[in-house]
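*Asks:* Sharing a structure with you now.
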Amino acid sequence: VLDLFGIEMKEVEIPIEERWDIDTTSNAEEKISDGAGLRKFEFHHEHDGALGSMYFDLHPRDGKFVHAAHFTIRCGRNREDDVGSDRQLPIVALVCNLSPSSSDSDSLLSHSEVETLYHEFGHGVHSLLSRCSFQHLSGTRAAMDF
């Protein structure tokens, strides 16, 4: 992403209250250290600054949404009328069910899974790069994709 768009992806720690991949009511810290699947990245452009955040929930687990999708958690929008900031940064999530790695080997994605990941990532980047005044028109909130 850095070479193509000049955008740096930096993985950041996820506070326990932002997690949806584990039961946070018991042994949450242990589950996180055991490698829970949710990851969060902040995106930063070399000239435009902070772009927003993207969660990656890429592997199957019990009770999880079974399809692949890009979800907008918070739309981005310009905030000329608000005090203290000129932009509400978007927060998005990519939810997929890609082949998980095992204790014996790393994950090897099928061609279809790679296509799915790039497709959903494209929606996420679209949401991060969108600039508009009305959040209901932000990112992928436009005509349906094909």
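*Asks:* Taking the stretch 86-133 only, how many residues are aliphatic (A, V, I, L, M) and part of a loop (DSSP other than H, G, I, E, B)?
*Replies:* Of the residues in the stretch 86-133, the ones aliphatic (A, V, I, L, M) are 89, 91-95, 98, 108-109, 114, 117, 125, 128-129.
Checking the rest, the ones that are also part of a loop (DSSP other than H, G, I, E, B) come to 89, 98, 108-109.
Number satisfying all stated conditions: 4.
*Asks:* Something else about it: Taking into account only those residues within the stretch 104-125 that are of a type outside the set (A, V, I, L, M, F, W, C) and crowded, with 17+ Cβ neighbours inside 10 Å, which is nearest to residue 41 (Cα to Cα)?
*Replies:* 124
*Asks:* Now, a different point. Filter the stretch 69-81 down to residues that are in contact with a strand residue (DSSP E or B) (Cβ under 7 Å, 6 or more places away or on another chain) and open to solvent by 40 Å² or more (accessible area, probe 1.4 Å) and give me whichever is farthest from residue 113 (Cα to Cα).
*Replies:* Once the filter is applied, the top-ranked residue is 79.
*Asks:* Just the residues that are in a strand (DSSP E or B) and either of a type in the set (S, T, N, Q) or at pLDDT below 90 (or both), please, taken from the stretch 50-73.
*Replies:* First, the residues of the stretch 50-73 that are in a strand (DSSP E or B): 50-57, 69-73.
Once the filter is applied, which keeps residues that are in a strand (DSSP E or B) and either of a type in the set (S, T, N, Q) or at pLDDT below 90 (or both), the stretch 50-73 yields 53, 72.
The values are calculated or read from the model by the stated rules, or taken from the named source; none is laboratory data. No experiment lies behind these values; they were computed from the predicted model shown. No Cβ is skipped: glycine too gets one built from the backbone with ideal geometry, and neighbour counts run over all protein chains shown. The area values use the complete protein model at the heavy-atom level, side chains included, leaving out ligands, DNA and RNA. Shrake-Rupley method; radii C 1.70, N 1.55, O 1.52, S 1.80 Å.
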